[in-house]
Amino acid sequence: MKILIPLKQVPDSTVRVKVAPDGTSVVTEGITWSISPYDEYAIEMALERKDADPSTVVAVVTVGPERSRDALRQALAMGCDEASLVRAEGAAPLAVARALAKVVAEAKPDLVLCGKQASDDDQGFVGPALAELLGWPHVATITKVVPAEGAVELWREVEGGHEVWKAPLPALATVHKSEKEPRYPSLPGIMKAKKKDIPERPLDALGVDVAAPTWTVVSMEPPPARGGGKILRDGDAKQIAERLATALRDEAKVL
Amino acid sequence: MIAPTGGGIITGLYAGAAPLLLILTFLGFGAFFLRAWRLYRYMRLGRDEARIDHPWRRVRDELVVYLGQRKLLKRPYYVRGLAHAFIFWGFIVITIGTVDLLVDGIIGFHLPGAGNAVFAWTIDIFAVLVLASIAIALVRRVFFPPPRMHVALDGYVILGMIAILMITLLLFEGAGLAAGNLEKGFTPPPIAGAILRSFVFPGESSAVVFFWSWWTHVVTVLAFAAYLPQSKHLHIVTTLPNVFFRKQTPRGALGLIKDIENQETFGAASIRDFSWKQLLDGYTCTECGRCSDNCPALATGKLLDPQKIVLDIRDQLLRDGPKLLGDAKAETTPPAHYLESKPEELWACTTCAACVEACPVTIEHIDKIVDMRRHLTLMEGSAPPEAQRAMTNIERAGNPWGEPRETRGDWATDLGVPTFAEKPDAEYLYFVGCAASVDRRNQKVARALVKVLRTAGVSFAILASEETCNGDPARRIGNEYLWQMQAQRNIDTFKKYGVRKVIASCPHCFNTIANEYPQLGGNYEVIHALQLVDRLISEGKLKVGRGTAEAVAYHDPCYLGRHNGIYNQPRAVLDAIPGVQRVEIEPHNRERGFCCGAGGGRMWMEENVGQRVNHRRIEQLLAINSGATKVASGCPFCLIMLEEGVGAKGVQDQIRPVDVLELVAGRIEN
Ligand SMILES: Cc1cc2nc3c(=O)[nH]c(=O)nc-3n(C[C@H](O)[C@H](O)[C@H](O)COP(=O)(O)OP(=O)(O)OC[C@H]3O[C@@H](n4cnc5c(N)ncnc54)[C@H](O)[C@@H]3O)c2cc1C
Ligand code: SF4
Ligand code: SF4
């Protein structure tokens, strides 16, 4: 089976995001970038398949600027077999999905795994859009994939249990979580990934129009600074609870 | 040695025996050397490692540790240690006598001085001391076997042989005297003399007693030589090189993987991945169990047992050695990637060095454990998931907590602590470390240190967001690559600002920067905050006022104490605080201090087997019943662990964990 994972490079979750002076973007200067966490889960899920069946081929692709090569290297270091880069600066989600549709058409994977959403913009758009463009079945927020004859079983977590869906191949799923935490790359893996060739091509080479904006960002604002907390200390549990209820009603106005 | 040169009968018996003696000697020592040669060849299956730096320190160690038996005479092992020392010293003296006896018996030549009274007396006295010590050892084995010691037949065989040697020695010395082997003016040694007087071997019978005791002695010596290399008592021989080739680099420094980007394999996955010295350690283990007695992981029910780590390697070497020698590449038999030690054992180690400290024959446990961890982490990527998270956080955020890199210096903004960029001529860099930078509890300690340094007029600056994790947790988890990246990053920053002197309030930062950064060319004068405070107080630059009178227990951080020998300065600081009465957590203090459970990257791993190490530490603290209301340490990780421990035990109102720096800062005027 061949699995393709479109991944996005995002500001690392440890970065304290700041709004840029233009008021419509964030400061990206000097920050740490990493693979979006749900994409990491997708990689781990695919690699777990590869562990079980070494004939599995796992490929990754990203649509992004030069720096997103690092994310591809990271994926290779974790154990992915192939990586390719589609060069683009600030491509809109629909343009990304269109570009990916071309990549999929060439690479002919049996299964495409996207993250359920990217941790920067949280739109959850690209996965379903790509499935739509390809005309493939789409299953959202999966936690496990099990191959079945000519098809895959895709597990989803729901309140109090899980559902198992079956999709004919080829199919696309978006990943919520893998069974294990995304693996830490081995050092030989890192070294091999450093030497591996990552082919790249510009977005327009795929015949995709970057400049077809479907929306624009009007403004970005940081959340208001939080005031200091309040500690209710004196009195027994009942009294504290009463004062808490009062505060929630009168001060926070949430009750 | 009293030589039967005078009496006619004895000489006759003796002279005819020379060829037989020669053959027996040849067989006994032949068997010894044959086996020793095999063991040597197995040992050389290990990888190369140079261990010849600091030759004079090595000679000194040989005198102190081997001849002086220094590492045996330690709390709580004084009596057994002394018994062992007497057996050992007696053994040395008597070996000289034995060599003389064999040489004389075969070629009729005495070692210089061997015939005189001093020598006879020395041997005589030591023979008795050895017998007494053997009695102690036997009583101990039979009636009070120590929990971790492997009491096996082997031990009895060896003790029995030594006892036979001593008894026959005294007998033939006595009989020899009776037969008239006294030189002129020779005062008979006390015991042989007493035998001489009490048994009174007249004429023929003294010769018969001499004959049989002498031959029994000689045959036992040779049997001993033949048996020794099959036995754990080979340590009599192997301790000599093992002490000589012990690590002379600082105990707290792990070995560097050189040219890491161009290596193909990392760490130890098979017997051949250990160095010859690590294999020699296996031959040298006496199975005494002292390491295990002191291991906090074993004591709290983890699978790890440091003695087993050493013995598994030895047993595997002895088992697979023949196959490996037969097949130089040994790719297939035995499996190239196979070691007895299970990951669960290896991950339980806190690298506290209690084992290394306790081992009488200078075995280095931690390096083996970390080498095996290196394989798991670097080759297999199979470190525990929480440890992987910590490493990812170090990579991405520069601290294992994963707090934003840019906020590292935030604790100091309201204090107006300058960064090196703002104050390039600062004398000291205060390397804050991750814990004091991002952990709320430990930020208070950093603030306390700032107050102390300012009061004493010390010129210092910090690096704020330009500082990054020193790499210690990564290195001890086995991730040498990440350690090198972190270390290099800091070294580059230090270079940029011309940093020469470093203050660390964290013993892990202290140890890594002082002992490990030199491996990458970073040489600084590094001082732990408590060492500096001790100096400032004794130089009169810092005056500590009186606060509430209180009893404070001192908890030794492993990376200050055992790893760096800093036991006294933190205590001196406590003693210099008026009103503070220092309490020792006996017997688990100083070099026997019990780990808090956070070292070796354990801070970042789950601990769900057995009791938590920090909870045991709190129990020890409560057991001394000292009325201490605080427990002070000098390590942010100890502080976190102690805080968690008192909370879990519900004693946070009786005893409060603090850093010594907080006690000092609380008693100085602003
Ligand atoms: C994923 C998930 C889904 C769940 N779904 C449901 C559900 O659908 N229905 C349901 O009934 N239960 C649900 N639960 C369980 C439920 O949320 C908790 O069991 C319950 O809220 C615990 O109440 P508690 O009184 O123990 O409060 P705690 O667990 O102690 O605290 C709950 C909250 O109270 C506030 N609080 C507590 N102590 C203080 C204090 N000292 N000062 C100020 N604020 C304080 C804090 O906001 C805290 O987050 C869910 C739990 C999880 C994890
Ligand atoms: S370093 Fe400490 S935890 Fe590790 S084996 Fe030795 S005694 Fe046990
Ligand atoms: S390693 Fe050292 S302390 Fe441990 S059993 Fe062997 S000789 Fe004793």
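The values are calculated or read from the model by the stated rules, or taken from the named source; none is laboratory data. Just so it is clear, the model here is predicted, and its values are computed rather than measured. Ideal geometry is used to build each Cβ from the backbone, glycine not excepted, and the neighbour counts take in all protein chains shown. Surface accessibility is based on the protein's heavy atoms, side chains included, excluding ligands, DNA and RNA. Shrake-Rupley method; radii C 1.70, N 1.55, O 1.52, S 1.80 Å.
Structure data summary
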| quantity | calculated |
| --- | --- |
| All aspartates and glutamates inside 19 Å of A:K195 as judged from Cα atoms, apart from same-chain residues fewer than 8 positions distant | A:E66, A:D70, A:D81, A:E82, B:D259, B:E261, B:E264 |
| In nm, spacing of pseudo-spin labels at B:N116 and A:D209 (7 Å Cα→C-beta vector) | 11.1 |
| For the protein assembly as shown, accessible area per residue (1.4 Å probe, heavy atoms of protein chains only), Å² | 44 |
| Region B:117-128 - phi-based ³J(HN,Hα) in whole Hz, Karplus 6.51/-1.76/1.60, Gly and Pro as x | 5, 4, 5, 4, 5, 4, 4, 4, 5, 5, 4, 6 |
| Positive-end residue, chain B charge dipole about Cα centroid, Cβ charges, pick of B:L642, B:C285, B:P189 | B:P189 |
| Inter-probe distance in nm under a simple model that places probes 7 Å from Cα toward Cβ, at B:L63 and B:A576 | 3.4 |
| Principal-axis tilt of helix A:37-52 within chain A, Cα atoms, nearest 10 degrees | 50 |
| Check: the protein assembly as shown dipole with +1 on Lys, Arg Cβ and -1 on Asp, Glu Cβ, in debye | 1960 |
| Solitary cysteines of the protein assembly as shown, where the nearest other Cys Cβ is not under 4.7 Å | A:C80, A:C114, B:C285, B:C288, B:C295, B:C349, B:C359, B:C434, B:C469 |
| Percent accessible area from carbon and sulfur atoms, region B:44-117, protein chains only, probe 1.4 Å | 72 |
| Residues B:F144 and B:E49, FRET efficiency given R0 of 41 Å [Cβ-Cβ distance, rounded to 0.05] | 0.55 |
| Chain lengthening between B:S459 and B:R41 when straightened (0.36 nm per residue, less Cα-Cα) | 144.7 nm |
| Whole-number percent relative contact order across chain B, with pairs defined as alpha carbons under 8 Å at least 6 apart | 12 |
| For region B:587-609 versus region A:1-67, the gap between their alpha-carbon centres in whole angstrom | 37 |
| Cross-link pairs A:K50/B:K368; A:K50/A:K116; B:K541/B:K630; A:K2/A:K166; A:K194/B:K258 - those with Cα-Cα distance over 23 Å | A:K50/B:K368; B:K541/B:K630 |
| Cβ-Cβ FRET estimate between A:E181 and B:A135, R0 fixed at 60 Å, reported to 0.05 | 0.55 |
| Loop trypsin sites (Lys or Arg not before Pro), region B:69-158 (other Cβ atoms within 10 Å of the site Cβ: 16 or fewer; DSSP) | B:R70, B:K74 |
| Coil-residue trypsin sites (Lys or Arg not before Pro) of region B:493-537, DSSP, other Cβ within 10 Å capped at 13 | B:R500 |
| Solution diffusion estimate, µm²/s, Stokes-Einstein, region A:81-152, Kirkwood Rh from C-alpha pairs, 25 °C, viscosity 0.890 mPa s | 181 |
| Angle in degrees between helix A:93-107 and the longest Cα principal axis of chain A, rounded to the nearest 10 | 30 |
| Residues in region A:11-25 that, when all protein chains are in place, have 50 Å² or more less accessible area than the chain alone would give (probe 1.4 Å) | A:T14, A:R16 |
| Reduction of at least 20 Å² in accessible surface, 1.4 Å probe, comparing all protein chains with the chain by itself, residues of region A:166-189 | A:E181, A:Y184, A:S186, A:L187, A:P188 |
| Helix axis angle, A:237-250 relative to chain A longest principal axis, alpha carbon, degrees | 80 |
| 5 angstrom amide H check on A:V61, placed H, neighbours 5+ away | A:I5, A:L7, A:S84 |
| Accessible area buried, both sides summed, chains A and B with 1.4 Å probe, Å² | 1700 |
| GluC sites (Glu not before Pro) restricted to region B:477-581 and DSSP loop, no more than 11 other C-beta within 10 Å | B:E539 |
| Calculated FRET efficiency for the pair B:E344/B:L27, C-beta based, R₀ 45 Å, to 0.05 | 0.45 |
| Region B:610-639 residues near the modelled B:L415 label - backbone nitrogen below 18 Å, point 7 Å along Cα→Cβ | B:633-637, B:639 |
| Structure-based [θ]222 nm, chain B - -39500 (n - 2.57) summed over DSSP H runs of at least 4, per residue, nearest 500 | -16000 deg cm²/dmol |
| Helical mean residue ellipticity (222 nm; -39500 (n - 2.57) per DSSP H run of 4+; nearest 500) of chain A | -9000 deg cm²/dmol |
| Accessible carbon and sulfur surface of region B:537-665 relative to its total accessible area, %, 1.4 Å | 46 |
| Span from the region B:392-431 Cα centroid across to the region B:490-504 one, whole angstrom | 13 |
| Burial of 10 Å² or greater, region B:344-383 residues [accessible area, probe 1.4 Å, versus chain by itself] | B:T377, B:L378, B:M379, B:G381 |
| Close Lys-Lys pairs in region B:398-532, where close means Cα under 26 Å and separation is 8 or more or interchain | 7 |
| Residues of type aspartates and glutamates that A:K253 reaches as a straight line, Cα spacing below 18 Å, ignoring anything fewer than 8 places off in the same chain | A:E242 |
| Solvent-accessible surface (1.4 angstrom probe) belonging to A:K102, in square angstrom, nearest 10 | 90 |
| Residue range of chain A that is longest and free of GluC sites (Glu not before Pro) which are both DSSP loop and sparsely packed (at most 14 other C-beta within 10 Å) | A:180-250 |
| Rg/Rg_globular for chain A, with Rg_globular taken as 2.2 N^0.38 Å and Rg from C-alpha atoms | 1.20 |
